[in-house]
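Here the structure comes first, spelled out in structure tokens, and everything after it is commentary.
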Amino acid sequence: MIPVPDRTARPTRISFDHVSVEFATANGPLKVVDDVSYDVRDGEFVSIIGPSGCGKTTMMNIVAGFVQPSGGTVLLDGKPIAGPGPDRGVIFQEYGVFPWLTVKENIAFGLKLRANHVAATEREEICARYMRLMGLADFADAWPRTLSGGMRQRLAIARAYAVRPAFLLMDEPFGALDAQTRSAMQDLLLEVLQTEGKTVMLITHSVEEAVYLTSRIIVMTARPTRIREIIDVPFGYPRDERLHESPEFGALRSHIRELVMREYAVQARQFIPSST
Ligand SMILES: Nc1ncnc2c1ncn2[C@@H]1O[C@H](COP(=O)(O)OP(=O)(O)O)[C@@H](O)[C@H]1O
Ligand SMILES: [Mg+2]
């Protein structure tokens, strides 16, 4: 096994300190995040796993700059988050592409913004590279509505990777993909991280994916979400497909599955109207 570097030797990039989030709804305030504290160190690849509707996207939206916490603080490189920024590439759960731009224009979009601006020839190269990697080379001038759901998702991923952000915030990015494409996208992500060294937060429903890809897994409880357990994944990088077969991998997967199943059961009970 490849050794795991000591995480505490790296600087903190993202920190959640006693964070809570409450939304105003028609039925009164809804507490979604409850006293959550954790940090993400430089170059770490952290996954967040927990039942649907527990508050995972809300937590990521705070880092992306779309949601303000109701209590506690979230810092990015030691500073409060004022709003979205070009340092954070976000891959949304859905609707991650601009329908009014072609495939190539979508990928080029971020590269034309002032903060990420690159020369036209370099832009062409980056677009060509990601269209090739994502299997979209024949669709450069196609409109997103003419693509399959999986292709649109790959386009959203290409858009985020193209600008080489320091942070990648990925919200169930591979959920809509078939098993083959998903596995190819996972390995491509590992490759991108190996060459570009980013700090990544990934929300996923897949325990298998969390263990295979990430260095730290944050298991969240049912809503209002709290931290159930933080697991340091004892495998270094680079990783390859054979890891899935190792007994250590299997043991970790079982442990996390059990935690997650329990929280799913709790969350499911919240939806059952109580009988009188
Ligand atoms: N802006 C909002 N206003 C009111 N409720 C919201 C808002 N955003 C999210 N919620 C609610 O917060 C809860 C958690 O949502 P979310 O963070 O998207 O969950 P997850 O990503 O874990 O599935 C859900 O019940 C959702 O309906
Ligand atoms: Mg979500």
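The values are calculated or read from the model by the stated rules, or taken from the named source; none is laboratory data. Treat the numbers as computed from the prediction; the structure is a model and nothing was measured. Heads up, the Cβs are rebuilt from the backbone with ideal geometry, glycines too, and the neighbour counts pull from every protein chain shown.
A few remarks follow.
- Applying the condition of being crowded, with 22+ Cβ neighbours inside 10 Å, in contact (Cβ under 8 Å) with a residue 60 or more places away in the chain and of a type in the set (A, V, I, L, M, F, W, C) to the stretch 164-199 and asking which residue is farthest from ligand 2 (Cβ to nearest atom) yields L168.
- Those strands (runs of 3 or more DSSP E) lying entirely in the stretch 1-69 with at least 1 residues surrounded by fewer than 18 Cβ atoms within 10 Å (Cβ to Cβ) and modelled with pLDDT of 95 or more: 12-25, 28-41
- Scanning the stretch 70-84 for residues that are touching a residue at least 24 places away in the same chain (Cβ under 8 Å) and surrounded by fewer than 19 Cβ atoms within 10 Å (Cβ to Cβ) yields a count of 7.
- Residue-level check: of (1) without any contact (Cβ under 8 Å) to a residue 12 or more places away in the chain; (2) touching a Cys at 6+ places or on another chain (Cβ under 7 Å); (3) not charged (D, E, K, R), A108 misses just (1).
- Test for I107: is it surrounded by 14 or more Cβ atoms within 10 Å (Cβ to Cβ), within 16 Å of ligand 1 (Cβ to nearest atom) and under 30 Å from Q180 (Cβ atoms): no
- Matching option when the condition is in the same structural domain as S206 (by TED's automatic domain parsing), modelled with pLDDT of 95 or more and surrounded by 14 or more Cβ atoms within 10 Å (Cβ to Cβ), among R239, R228: R228
- For the stretch 197-215, a residue qualifies if it is out of contact with any Gly (no Cβ under 7 Å at 6 or more places or on another chain) and within 16 Å of ligand 1 (Cβ to nearest atom), and the qualifying residues are M201, L202, I203, T204, S206, V207, E209, A210.
- Count - residues of the stretch 70-93 that are within 14 Å of ligand 1 (Cβ to nearest atom) and either of a type in the set (K, R) or touching a helix residue (DSSP H, G or I) at 6+ places or on another chain (Cβ under 6 Å) (or both): 2
- Filter result for T102 (under 30 Å from W143 (Cβ atoms), without any contact (Cβ under 8 Å) to a residue 60 or more places away in the chain and among the β-branched types (V, I, T)): yes
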